[in-house]
Amino acid sequence: MRPEDFSLAQAAALIRTGTLSPVEYAESLLQVMDRIEPRVEAWVTVDRETVLMEARKCESEAKNGRFRGALHGIPVGIKDIFYTKGLRTTMGSVLFKDFVPESDARSVTKLREAGAIILGKTVTTVFANLDPGPTRNPWNVGHTPGGSSSGSAAAVAARMCPAAIGSQTVGSVGRPGAFCGVASLVAPQQRISLQQVFPLAWSLDHVGVFARTVEDIELMLDAMAELPIQRVSARPPYRIGLVRKFFYENATSEAATLNDRLADALAAAGFQVEEAQLPAIFDAHPAILRTILRSETASIHERLFREHAETYGPKLRALIETGMLVDAGDYVRARRLRRRYQREMARLFEQFDVLMTPATPGAAPAGIHATGDPVMNGPWTLADFPTMTLPHALSASGLPIGVQLAAAPLREGLLLQVCKSIEQVVGFNRRPEI
Amino acid sequence: MDAFKTAEEKFGTERAEQLRRELEQLDADLEKLRSVPLDIDDAP
């Protein structure tokens, strides 16, 4: 097995036993990058000297039996809206093309404390909105990898790193995770700090993780968590609430059929699968989400937009300008409705352990002029549910299709447990041939 | 609210026309929000 094919957990274990050299591991990943990056363009900044210097430190420490944490010697990608000390952080914007932070984002600090090596900064769409970056989907470079965490998802899929972090405000982790055929997790806001992560909308932003297995996601989550994850003693059969209303209406027939097929497979494997009925307030979720998003984004960009409007792409510009028209009364109304939405949606978990939907409307669309539709992900982001996506099939065009699974607020322990079981049933072991 | 009219005043007619689709969506969203009754205990 080549080093780039190891899962994060495998690599971490081999480093611990002295079987895998952190320096050789980092060098292998950089070689993969040399080979594949020209076609995928997942990275903005990679400081090879620092990466190898850190790898040498990790190797020396490992030889002396000193391990910083569970991620000792593991190179990871960081979305380019997370501040990284001494490493350029551009937010995907020309306005920050030379910005070098003087400190790390809190989540990056925690990754370093766990022993991770920052391999580099991955491409984000401009200010993490919808104006795309240059990244291409490793499964088919003529297709989008999704966004806004485009580079992180693509880098993990292409084996340039075993894990990477991103962020989600509507669908910017689940969508690229599914389009790129990797596992992803969006953590609740309370779980992972957003300190020194350039915001798109403060009350909607969440930190997310990409990796190739649920076990790897768990290791990354544990490293970054501000509150320890409560492990659960829930036993199978796990109760899955299949949500068809709205999600199937917005899915291609292929995605809906594949989702139903997965539901049948899970039922045959012993999961309790039933259709979940959404509360009436669900119908208001797009209006609530968009109103909060517009208003907060407009506020965040108030000064920059006033001084540099000509540098803004069309989609972000439109979002900011419509946000400038929302008055305080409507914004507060949206926030009040969001709280009610969260309460009423959370009641679904009285009946189910997780809710299951397609992760995206379909496979990754052709072209890199757009990053796809986050329609499937927004409902759970608004609810602040921890959410995972897992690849489970290939479309007729050979692109990955993902399932989205959400759990009750702060129940990542249960979500991870259920997803590990689903992962075993699915047995998805395909990879892009790039 | 007539988002188009407000946008026209703020950004000019040309820009408001370019934003017509987004403004129509904004109007529809705000109308939706206002159609859902809220209780005094529904704090933000």
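The values are calculated or read from the model by the stated rules, or taken from the named source; none is laboratory data. This structure is a prediction, so every number in the text was calculated from the model and none was measured. Please note: Cβ atoms are built from the backbone with ideal geometry, for glycine as well, and neighbour counts cover all protein chains shown. Note: areas computed on protein heavy atoms with side chains; ligands, DNA, RNA excluded. Shrake-Rupley method; radii C 1.70, N 1.55, O 1.52, S 1.80 Å.
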*Can you check how the C-alpha radius of gyration of region A:1-110 compares to 2.2 N^0.38 Å, as a plain ratio?*
1.14
*With heavy atoms of protein chains only and a 1.4 Å probe, what residues of region A:326-359 have at least 50 Å² less accessible area in the full set of chains than alone?*
A:Asp330, A:Arg333, A:Arg336, A:Leu337, A:Arg340
*Using DSSP to define loop residues, name the GluC sites (Glu not before Pro) in region A:185-290 whose beta-carbon has at most 15 other beta-carbon atoms within 10 Å.*
A:Glu226, A:Glu249
_10 Å Cβ neighbours from other chains, averaged over peptide A:166-178_ = 0
*region A:3-81: which trypsin sites (Lys or Arg not before Pro) are DSSP loop and have at most 15 other beta-carbon atoms within 10 angstrom?*
A:Arg66
*Sorted by average packing, counted as other Cβ atoms within 10 angstrom per residue and highest first, what order do A:415-421, A:109-115, A:428-434 take?*
A:415-421, A:109-115, A:428-434
*Hey, any idea what Rg/Rh is for chain A, computing Rh the Kirkwood way over Cα pairs?*
0.95
_As a test of reading the structure, rank A:Thr381, A:Thr213 by solvent-accessible area (1.4 Å probe, protein chains only), most first._
A:Thr213, A:Thr381
*So what is the calculated 222 nm ellipticity per residue for the protein assembly as shown, using -39500 (n - 2.57) for each DSSP H run with n of 4 or more, over all residues, to the nearest 500 deg cm²/dmol?*
-12500 deg cm²/dmol
*Accessible surface of region A:74-121, 1.4 Å probe, proportion on carbon and sulfur as whole %*: 49 percent
_Solvent exposure of chain A as accessible area per residue, Å², 1.4 Å probe_ = 36 Å²
*asked:* In region A:304-342, whose amide N lies under 16 Å from the spot 7 Å out along Cα-to-Cβ of B:Arg15? List them in ranges.
replied: A:304-326
_What do you get for chymotrypsin sites (Phe, Trp or Tyr not before Pro) in region A:29-100 restricted to DSSP loop and a cutoff of at most 15 other Cβ within 10 Å of the site's Cβ?_
A:Phe99
*Once Rh is set to the Kirkwood radius over Cα pairs, what Stokes-Einstein translational diffusion coefficient, in µm²/s, holds for region A:388-434 at a temperature of 10 °C and a viscosity of 1.306 mPa s?*
134 µm²/s
*10 Å Cβ neighbours from other chains, averaged over peptide B:28-39*: 6
*Using protein chains only (no ligands, no nucleic acids) and a 1.4 Å probe, work out which residues of region A:286-322 have their accessible area cut by at least 10 Å² relative to the chain alone.*
A:Ala287, A:Arg290, A:Thr291, A:Arg294, A:Arg317, A:Ala318, A:Glu321, A:Thr322
*What net charge is computed for the residues neighbouring B:Ala7, neighbours being all others with C-beta under 14 Å from the C-beta of B:Ala7, Lys and Arg scored +1, Asp and Glu -1?*
-3
*Given charges of +1 on the Cβ of Lys and Arg and -1 on the Cβ of Asp and Glu, with all other atoms neutral, how large is the dipole of chain B about its Cα centre, in debye to the nearest 20?*
180 debye
*Count the lysine pairs in chain A whose Cα atoms lie under 23 Å apart, taking only pairs 8 or more positions apart in sequence or on different chains.*
14
*A:Arg343-B:Asp42 pseudo-label distance in nm [points 7 Å out on the Cα-to-Cβ vector]*: 1.0 nm
